[in-house]
1. Of Lys21/Lys121; Lys20/Lys67; Lys21/Lys118; Lys68/Lys103; Lys20/Lys145; Lys12/Lys67, which ones are farther than 20 Å apart at the Cα?
2. Only Lys, Arg, Asp and Glu count, each charged at its Cβ (+1, +1, -1, -1), so figure out the dipole size of the range 22-183 about its Cα centre, rounded to 20 debye.
3. Counting other C-beta atoms within 10 Å, which of Cys43, Cys30, Cys133, Cys162 has the fewest, and how do the rest follow?
4. Of all DSSP beta bridges in the chain, what percent run antiparallel (nearest 5)?
5. Principal axes first, then extents: for the Cα atoms of the chain, list largest minus smallest coordinate on each axis, whole Å, largest first.
6. Sort Tyr134, Tyr14 so the one with the fewest other Cβ atoms within 10 Å of its own Cβ comes first.
7. Give the range of the longest stretch in the chain that excludes all trypsin sites (Lys or Arg not before Pro) found in loop regions by DSSP and having at most 11 other beta-carbon atoms within 10 Å.
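Just so you know, all these numbers are worked out from the coordinates, no wet-lab data involved. Since the model is a prediction, treat every value here as computed from it, not as a measurement. Ideal geometry is used to build each Cβ from the backbone, glycine not excepted, and the neighbour counts take in all protein chains shown.
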Amino acid sequence: MEIFSPHLGLAKNYWKGLLKKGDLVIDATCGNGHDTLYLAGICSVIGLDIQDRAIRNTEILLKKHQKKGALYRLSHTDIDTLLLPHAPRLIVYNLGYLPQGDKSITTRTETTLESVTKGLKLVAPTGALSITCYPGHEEGQREEKALEEWAATLPSHQWSVCYHKWINRPRSPSFIWIGSALQM
Ligand code: SAM
């Protein structure tokens, strides 16, 4: 478990448990590329971000570690326009703004909801969505609440949904896992 970002440590444990070598994963918010790099160490990865800077940083990080990934400057609302070799086993959303970047360029409640709804249709029958939320800022708080409410309505015969939050730290990051009920 990562001591200073336990929600990410938890998320990575879920990713490791699900993914196998031949799988495809979409990192829907590649940012500085840390998650993309981690995922590229397990299987094939496609990374999306709306910022050139994020795509560049991810490219540099992958190159430095001699890993491969297909990166696109694309909003995750257009996730359904990607030409994919097969259905992704996992789609990862690490929400919020680019660390050390422009804080006004952040994921937004409406567009994130649009993307995760598309993501559920796109993902493989035994696949999952992984979402980490950052309620430390106003839009992040709204986004977390909306996602939690949306995820709670998903039919339990199709999806198993888990929500993790450090409950004595209300503004701490949270983690939502939406896995196929076929795996339970
Ligand atoms: N996963 C990243 C990492 O490991 O470094 C951190 C991601 S950062 C918290 C969130 C990213 O989401 C930012 O880089 C931001 O540009 C991106 N973003 C915001 N809105 C987006 C959208 N509609 N589609 C894709 N990426 C978006």
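1. Values: Lys21/Lys121 22 Å; Lys20/Lys67 16 Å; Lys21/Lys118 24 Å; Lys68/Lys103 28 Å; Lys20/Lys145 32 Å; Lys12/Lys67 18 Å.
Pairs exceeding the cut-off: Lys21/Lys121; Lys21/Lys118; Lys68/Lys103; Lys20/Lys145.
2. Working: 17 positive and 17 negative charges, 93 e Å.
Using only the charged Cβ atoms, the result is roughly 440 debye.
3. On the way: Cys43 18, Cys30 32, Cys133 27, Cys162 12.
Sorted ascending by nearby Cβ count, the order is Cys162, Cys43, Cys133, Cys30.
4. 45
5. Its Cα atoms span 38, 37, 33 Å along the three principal axes.
6. Working: Tyr134 21, Tyr14 18.
Lowest to highest Cβ neighbour count: Tyr14, Tyr134.
7. Numbers: sites that count: Lys20, Lys21, Lys68.
The longest uninterrupted stretch comes out as 69-184.
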